[in-house]
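See below for the structure under consideration.
The values are calculated or read from the model by the stated rules, or taken from the named source; none is laboratory data. What you see is a predicted model; the values in this text were computed from it and never measured. Please note: Cβ atoms are built from the backbone with ideal geometry, for glycine as well, and neighbour counts cover all protein chains shown.
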Amino acid sequence: MEKQIKLMLVEDEAMTALYIKMMLEKRGYLVSIFSTGEKAVDSAKAEPPDLIIMDIHLAGEIDGIEAARRIIEDAYIPVIFATGYQEKTYVDSDKSIKPLAYVTKPIDINKIISIITDYFKKKCN
Amino acid sequence: MPDSGQDTYKAFFDASSEAVLVLNSGMFCIDLNFAASELLGKSREALIGSPLQNISDFQGDIADDGFLRLKTGKKNEHVLSYRTIPVSSSGMTMLIIETKSDIRGHVTVNHGNVYRNDPIRIVLDLTGQLMYDYDIKTGLIQWTGKIEDMTGFSTEEFNSLGISGWEDCIHPDDRSRTIAQLNTSIEQKTVYISQYRFRRHDGSYFFVDDRGTTIYDADGNPLRMIGSMQDIHDRKKAEAELVMSEARLRRAELIGGTGNWEFDMVSKKVFASEGARRIYGLGEKEWSIAEVQKTPLPEYRQMLDEALRSLIDESRPYDVEFKIKRQTDGAIIDIHSCAEYDPGRNIVFGVIHDITSSKKNEENLKSSLREKEILLRELYHRTKNNMQVIASILNLNAILSPGYEVSQIVRDTVQRINAIALVHQKLYQSQDLSNILLGDYISDLVRLILEGFNRKDDKISLDFNMHVFPSVIDIAIPCGLIINELVTNTLKHGIPEGKSGTISIELSRSDDGRIRLMYSDDGIGPPDGFNYQQDGSLGLMTIRSICEHQLSGDIRFCSGKGFRVSIEFNDNVYAKRV
């Protein structure tokens, strides 16, 4: 049985998270949702996901960039940032993160699926 | 008394108010009367036998009339006019000093017009003074000088005024004080000095400086007062203007928070105006530069020294801002100082301005601008997020409600959008654009939903028990979406159209920030065996997802009549944004 790809969705907006989760699960991915950066870091350290979809503005003390930085300091995990133009500059200023991709809100779910699919295809090859 | 021998003549000689000296042919004084002794300030005995040169600057032959300078005491001198009368053929001369005066007002004059062509008259004219001889017993006053020019009265009119007329001409506000000063000086045998307003013939007043000396008889009874009255109106006016000008400067410095200073490069002293002293907290007008330089905070010392050096050496503008610790209370004050160097006087003159409040305003302005930038950024972020939520709602509707009519989906979606929009309306109406009153919002939202369902009638009763507390947008919007789903559920299923019922909402917040929301209706309630956790309707999924995921809260569906749910979460999930 093929191992199910685990995705971490860090998004504090419930309706958005619910929608993205449902759409990705339809594609066969296993999706876990976190609304704060702290919870996401704790979970990723305990059980690293295969890929992270990270919002930047989050509930809690740390933002998505800091959460991503903490997660990948142990081992690299590809991160797709849901961001705006200004936030992209902000992400780029932290050279340690090297995001897999950026998507802007409102999120085009097909674009996310396409990025994820391409990434894992390349990884398999 | 030679050649007289007559007692009557002797008495007249002694009682004469004129100073009379009898000189022999060698110009030695061989006799003199009381008035001469008094004038010269020496006893009769001391003066008899003295050459005239010892008591005056007289040199050579004495003329029929003229002027001589009399020495009276160690320092006093009088320039006086005289006339002489030869006494028979003995070679003796009677020297009658018609006038005894000095320009300081220690004057004795004869009654009558004695000032013709004399230097006293010239001095009077030049200095704008009137001289007077006040006969204390009769109350008559003889005035001399340019009376008409000064007072507008003719000489005759003025001389006829007497003491009572003079008193009448004194300004009523100055009168009693002036008369008291006059009487006191006569009683206490002191020089009379008074300044007061005197009325001209035309009724206008002018300031005068009045000084006089009283002459007493041998028994100490006052006989006459000789004095001068000087027009000092222009001086008084100038003084008043100066006082006013200084008061204006002080006021301007107080209002403007400014001061001025002058640094004498030679004495190393700093003169500080009242405003400058107030700002720096200095007590005295003059300070050493070392003391003044202690006031600015140490970190500005080098900059200030360099600014002063380049002003003096290179004529560069001195225009600096720095902070001081005020010497009186230790307050930190922002200062703006500008200065100029005056090489002629070798001084630096400067002005200082207390800019503490404007600096504070500048900081507030910057802070306000930063806040506005954050607000604007937050607005963009929130708008983008809300678009995302709306898009997600529509997408979820498309996935989860394939059988629904489009109109119903549209209505449900519009309601959810309205729930979000109402938060923004409340935010716009709030004081700080960041918080809204959660209970107030929920109350309005429920009524809005009822209106949307066309159920704003008496059949639906509302029973609200909600505490008043503010909430950030990140709490208010998910709460609003939950309430929207709950009320929609009640109106669709619990108390459908045509049925009556009550919607109850309780909202409270504990001291530790735990928010508790109780929602219930007394409607039909869910069917038996309904599983809230497994129900796949968008409404319940929304409630569960928002509560558990977004608010990190607890949700509990309660059994019993109708529908009842309890939601609890912490309000510190989101920090205050701005």
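Does B:ILE332 fit the bill of being among the aliphatic types (A, V, I, L, M), surrounded by fewer than 11 Cβ atoms within 10 Å (Cβ to Cβ), assigned by TED's automatic domain parsing to the domain that holds B:ALA276 and free of Cβ contacts under 8 Å to residues at least 40 places away in the same chain?
yes
Test B:HIS106 against the stated conditions and say whether it is modelled with pLDDT of 65 or more, crowded, with 17+ Cβ neighbours inside 10 Å and within 30 Å of B:GLU156 (Cα to Cα). Working first, answer last.
Numbers: modelled with pLDDT of 65 or more: no; crowded, with 17+ Cβ neighbours inside 10 Å: yes; within 30 Å of B:GLU156 (Cα to Cα): yes.
No: the conditions fail for B:HIS106.
With (1) surrounded by 13 or more Cβ atoms within 10 Å (Cβ to Cβ); (2) modelled with pLDDT under 90 as the list, and B:ILE355 as the residue in question, which single condition is left unmet?
Tallying (1) surrounded by 13 or more Cβ atoms within 10 Å (Cβ to Cβ); (2) modelled with pLDDT under 90, B:ILE355 fails exactly one: (2).
Quick check on my filter: what residues within the range B:447-467 are under 22 Å from B:ASP554 (Cα atoms) and either outside any strand (DSSP E or B) or among the acidic types (Asp, Glu) (or both)?
Within the range B:447-467, B:HIS467 is the sole residue that qualifies.
Which count do you get for residues in the range B:513-540 that are crowded, with 17+ Cβ neighbours inside 10 Å and within 14 Å of chain A (Cβ to nearest Cβ)?
Final tally of qualifying residues: 3.
Which residue, of B:LYS384, B:LYS359, is away from chain A (no Cβ under 11 Å) and either touching a helix residue (DSSP H, G or I) at 6+ places or on another chain (Cβ under 8 Å) or more than 18 Å from B:LEU538 (Cβ to Cβ) (or both)?
B:LYS359
Mind checking which pairs have a first residue in the range B:272-297 that is assigned by TED's automatic domain parsing to the domain that holds B:LEU254 and a second that is of a type in the set (Ser, Thr, Tyr) and exposed (fewer than 15 other Cβ atoms within 10 Å of the Cβ), Cβ under 7 Å, 6 or more apart or different chains?
Sorted first by the residue in the range B:272-297, then by its partner, the pairs are B:GLY281/B:THR328.
If a residue has to be more than 7 Å from chain A (Cβ to nearest Cβ) and either surrounded by fewer than 23 Cβ atoms within 10 Å (Cβ to Cβ) or not aliphatic (A, V, I, L, M) (or both) to count, how many in the range B:541-561 make the cut?
The total comes to 12.
Looking at B:SER407, B:SER392, B:SER367, can you tell me which residue is within 14 Å of chain A (Cβ to nearest Cβ), assigned to a helix (DSSP H, G or I), of a type in the set (Ser, Thr, Tyr) and out of contact with any strand residue (DSSP E or B) (no Cβ under 9 Å at 6 or more places or on another chain)?
Unique residue meeting the criteria: B:SER392.
Out of all the residues in the range B:472-487, is one or more outside any helix (DSSP H, G or I) and under 30 Å from A:ILE107 (Cβ atoms)?
For the range B:472-487, residues outside any helix (DSSP H, G or I) and under 30 Å from A:ILE107 (Cβ atoms): present.
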